[in-house]
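Structure first, then comments.
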Amino acid sequence: MILFMKQFIKLGLIFTIATSGIIFTACEDGEPGVAGTQGEKGDTGDTGENGENGVGYNEATQYGNIVVQYKGTRVDNAPFDKTINFRYSVSGPDIESTSTVWDYNNDETDLEFNIKRYSSVVTSDNSEGGSNSSVNFNLRQFNDGERESYISIYNNVAIISDDFKFFVLYSNDNQFSISETVSDYSFNSATGELKFKFQVTLPAGENPTNHELKITADVNVKVIESVDTPK
């Protein structure tokens with residue numbers, strides 16, 4: 001009887017081991033199933049903080065900017081619409097030609113402004129790694145009720161289109177009546193803040209495109225006044 005029980009237990013163990021082997025064999029990885037539907041896109045993360053301005057940036061932009069829109073048709077009859085933010089100015093002696101005002105009568109009845117801004121970082125000498133892509137306004141504001149105020153604009157920019165073609169827009173002889181081209185004019189002599197909007201359409205024969213050219217500018221700058229005798 002005891003021998004029979006031992007054999008029975010032994011057979012049971014053998015059967016259990018054999019069954020376990022079959023089960024483990026059956027648990028091997030099968031073929032990958034069909035991929036499920038992609039889940040919804042998660043929310044966009046928060047925008048990181050802006051980095052610090054580069055060396056010299058604050059100095060080059062401290063006197064404000066001029067945003068200009070050039071809209072017209074190229075000489076090859078392709079339309080263009082380009083807006084350029086002229087935000088950089090120079091310092092040192094060259095500031096006399098880029099951010100100045102002269103009060104000829106010391107009573108603001110005869111003011112002359114000269115403001116020039118570049119579209120990229122510049123050096124005081126354009127031949128040494130600087131830029132000459134610029135816009136320049138010369139504004140003579142008579143507040144005596146007798147003489148007509150006028151404004152001149154000088155452009156030296158490359159108009160680059162999406163088709164990777166460009167032309168140089170250069171003009172230095174455009175003078176206009178302020179009453180016809182300038183709006184929202186204001187000047188604060190205590191802070192040097194000069195603001196105005198400018199708009200003009202140049203005829204085909206007065207610009208390099210051989211078509212009408214519309215120029216719109218938003219000027220928001222600061223000018224300084226020399227204590228020397230006005231030139």
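FYI, it's all coordinate maths here, none of it is from the lab. Source: prediction; values computed, not measured. As a convention, Cβ positions derive from the backbone with ideal geometry for all residues, glycine included, and neighbour counts pool all protein chains shown.
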### Query
When N counts the residues of the range 57-225, how does its alpha-carbon radius of gyration compare numerically with 2.2 N^0.38 Å, as a ratio?
1.05
#### Entry: Size of electric dipole in the range 57-225: Cβ of Lys, Arg +1 and of Asp, Glu -1, about Cα centre, debye, nearest 20
660 debye
### Per-peptide average of other Cβ atoms within 10 Å, ordering 32-45, 182-195, 212-225 highest first
212-225, 182-195, 32-45
#### Entry: Across Lys82/Lys116; Lys116/Lys214; Lys116/Lys165; Lys82/Lys222; Lys165/Lys222, pairs whose alpha-carbon gap is larger than 23 Å
Lys116/Lys165; Lys82/Lys222; Lys165/Lys222
### Task
Using 0.36 nm per residue of separation minus the Cα-Cα distance, give me the extension gain between Glu59 and Thr201 in nm, one decimal.
47.8 nm
### Query
Karplus couplings for the range 68-80 from phi (6.51 cos²θ - 1.76 cosθ + 1.60, θ = phi - 60°), rounded to Hz, Gly and Pro as x?
10, 10, 10, 9, x, 9, 6, 5, 8, 6, 8, x, 9
### Message
Could you tell me the relative contact order of the range 57-225? Use alpha-carbon pairs under 8 Å, at least six residues apart, and round to a whole percent.
### Response
23 percent
